[in-house]
1. Starting from the 7 Å offset along Cα-to-Cβ, what nm value, one decimal, do you get for the label separation of Gln107 and Lys63?
2. First compute the accessible area of the chain with a 1.4 Å probe, then give the percent of it belonging to carbon and sulfur atoms.
3. Let me know the whole percent of all Cα-Cα pairs from the chain that are separated by more than 18 Å.
4. For every other residue with a beta carbon closer than 15 angstrom to the beta carbon of Asn95, add +1 if it is Lys or Arg and -1 if Asp or Glu, then tell me the sum.
5. Positive end of the dipole of the chain, charges at C-beta (+1 Lys, Arg; -1 Asp, Glu), about the Cα centre: which of Gln107, Asn95, Tyr31 has its Cα farthest in that direction?
6. Whole number in Å², please: accessible area per residue of the chain, 1.4 Å probe, ligands, DNA and RNA not counted.
7. For a quick check: with amide H placed at 1.01 Å from N, whose amide H comes under 5 Å from Ser30's, ignoring anything fewer than 5 positions away on the same chain?
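The values are calculated or read from the model by the stated rules, or taken from the named source; none is laboratory data. These numbers were taken from a predicted model, which means no experiment stands behind them. Backbone-built Cβ (ideal geometry, glycine too); neighbour counts: all protein chains shown. Note: accessible area is taken over every heavy atom of the protein model, side chains too, but ligands, DNA and RNA are not part of it. Shrake-Rupley method; radii C 1.70, N 1.55, O 1.52, S 1.80 Å.
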Amino acid sequence: VQLQASGGGLVQAGGSLRLSCAASGRNFSSYDMGWYRQTPGKQRELVAAITSGGSTNYADSVKGRFTISRDSAKNTVYLQMNSLKPEDTAVYSCNAVGNQGDILWGQGTLVTVSS
């Protein structure tokens, strides 16, 4: 059972990236999924989350720029990031929270936004 994040990279300010979090080993359609980010010296922060029912919420700093979505058939959650800013530079990780309170984390993927 694992989560595999991908899609990070280097992009100029104003550009876009799409992160993917592919789940394997079980059906994650009943899990709430989230994207978090962390920079050195700062606490990890929630960027966006989507429930098993499709409800979403976002950090104020990314509202209107980022979109989280999920494809249950592919067991994958996406984070579309538009109008990227240098302050979006971070390691992005995905997690899954089950209705039994079980929590899984994927490895991070680095997003670097140059000015």
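1. 3.5
2. So the carbon and sulfur contribution to the accessible surface is 46 percent.
3. On the way: 2942 of 6555 pairs.
For the chain, the fraction of Cα-Cα distances above 18 Å is 45 percent.
4. +1
5. Gln107
6. With all protein chains present, the chain gives 52 Å² per residue.
7. HN-HN under 5 Å from Ser30: empty list.
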